[in-house]
Amino acid sequence: IGGYGTANDISQYANHHADQHGLVFGTDNSAVLFSSHDGGISMTSNCVTTPVVWSSLNNGYQTTQFYTVAIDHGTSGSNSILGGMQDNGTWVVNAAPTTTPWTQALGGDGAYCAIDNGEVYYLASFQFGETFRLGVNTGTFTRIDPTGGAGYLFVNPFAMDPNLNTLLYWGGGASLWRNSDLSGIALFSQATTSTNWTNLTAAGISGATVSAMTVSKSPANRLYYGSSNGKLYRLDNANAATNATVPTDIWTGKGFPAGAYLSCIAVNPRNADTALVVFSNYNSQSLFLTTNGGTNWTDVEGNLAGTSAPSVRWASIVPYTGAVSYFVGTSTGLYSTNLLNGASTVWAQEGSTTIGNVVVDMIDSRTVDGFVVAATHGQGIFSSNLVPVSVAETAHPLFYALEQNYPNPFNPSTTIGFRLASAGPVSLKVYALTGQEVATLANGEMGEGDHTVTWVPSSLASGVYFYTLRSKDFNQTRSLMLLK
């Protein structure tokens, strides 16, 4: 009389749900039946008629408990949002969420998902890693999870390469997998596939499960991944790794909480040396920062620490218009800061009157226009565009840093960002491969904080160049590419 439809055991009764929790008969009329379920509350005025007709009594009650969220990272101004919900499938909206209804992309318990640049394909998964690649406007579909995979989490992680969206990294229990070309998988299959999958055997995690991963944008092809018992690794040139390639251990001796569940790794899309790692346990250190690719880590939990503090679930790093914003999703809402300062970091709550103190399970962001979305467990999804901000002059940055130029490769101009821990003499120069100095972008006294410079090399030929920042005892060099 409800739940799954009788016609094919897949469709559902209108205004009803397949996951049932309770039934209550009307007190004055035993034909009246109330049903509580993962879609809310429904009622029928006649439970013995055929067919039974249900009506919703939600009246604004929210059942959208999002596990995950994804946006198009390559299209400025795109309002498309894809999200996986507990018990209620994966849903998508393709325009401004306040005016356009959502549509369902995939059933089951919605899990990890992704939108490729330009929104040609969605990736959507449900419980225990079953994942499909869906053509946005073509109606095509195919299952893509690897044959031979095992040990999947209920909400199983994967990471789409930001520079090549057909390249995918996959967590499978203790194993790490890579698919070199999703477009090579035959369409309309509902079976697992071995096409283009490689099990990176040496990158496996002994005695634990791969629980989080992310792949860098600049420099490309650096994969960070972690485990359910607090291990963390970096795999450089992951796109070319073989099943014998050994990753770099960046967790041993770093002061991480012993055995804690690693739930998220957030990487600065303009500088993969800068990353945040999140441990989701209560009553243990939850949030650590590196600015040198995992060689050193600093606790930046700040005012989110303490025995009565929330559990941190997710993090996102958003460089935008010369500043960098940091967001964390927690068990008590969304928080942000523009300055990471060790144990003195101050996280401020975002959307206290709109998002409130609900659990925020995941955050996604886009650097080209500062678009940020936060997925909550019970209150829906919220989005906003960042407003350009500046670091206060009285703030004390924790570290020196030289960011990767953006864009890279570039023509005709590029922007270089850097951070100074204290005021002093600064030199930022560009060199050719021969070592010849070709440009001076900064040379003199500068104040502490974040800085950016724009370089327009009108008279130089295409090629690889190096830029070096020197300030007091800090000296760092990065490469860039000019294309004409």
Read phi for every residue in region 452-465 and hand back ³J(HN,Hα) as whole Hz from Karplus 6.51 cos²θ - 1.76 cosθ + 1.60, θ = phi - 60°, with x for Gly and Pro. 9, 9, 10, 10, 10, x, 5, 9, 9, 7, 4, x, 8, 10
Cleavage-rule hits, chymotrypsin sites (Phe, Trp or Tyr not before Pro), region 112-205, DSSP coil, Cβ neighbours within 10 Å at most 10: F188
Lys and Arg at +1, Asp and Glu at -1: add these up for the other residues within a Cβ distance under 12 Å of L82 and post the number. -4
Count charges around V93 for me, please; just the other residues with Cβ under 14 Å from its Cβ, Lys/Arg as +1, Asp/Glu as -1. -3
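What shape does region 153-221 have by the C-alpha gyration tensor, where a ≥ b ≥ c are the square roots of the eigenvalues, rounded means a/c under 1.5, and otherwise prolate means a/b greater than b/c and oblate the rest?
Here region 153-221 falls in the oblate category.
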Taking a ≥ b ≥ c as the square roots of the eigenvalues of the Cα gyration tensor, with a/c under 1.5 meaning rounded and otherwise prolate when a/b exceeds b/c and oblate if not, region 233-278 is oblate
Yeah, the chain with a ≥ b ≥ c from its alpha-carbon gyration tensor (a/c under 1.5 is rounded, else prolate when a/b outruns b/c, oblate otherwise) is prolate
Across K217/K429; K217/K484; K231/K429, pairs whose alpha-carbon gap is larger than 32 Å: K231/K429
With the full set of protein chains in place, find how many percent of the accessible area of region 86-240 is carbon and sulfur; take the probe as 1.4 Å. 51
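What number comes out for accessible area per residue over the chain if the probe is 1.4 Å? Units Å², please. Working shown, then result.
On the way: 20280 Å² over 484 residues.
With all protein chains present, the chain gives 42 Å² per residue.
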State the percentage of accessible surface on region 325-484 attributable to carbon and sulfur atoms; use a 1.4 Å probe and exclude ligands, DNA and RNA. 52
May I ask for the net charge around S263, where only other residues with Cβ less than 10 Å from the Cβ of S263 are counted and Lys, Arg are +1 while Asp, Glu are -1? 0
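The values are calculated or read from the model by the stated rules, or taken from the named source; none is laboratory data. Everything quoted here is computed from the prediction, not taken from an experiment. Heads up, the Cβs are rebuilt from the backbone with ideal geometry, glycines too, and the neighbour counts pull from every protein chain shown. The accessibility values were calculated without ligands, DNA or RNA, using every heavy atom of the protein model including side chains. Shrake-Rupley method; radii C 1.70, N 1.55, O 1.52, S 1.80 Å.
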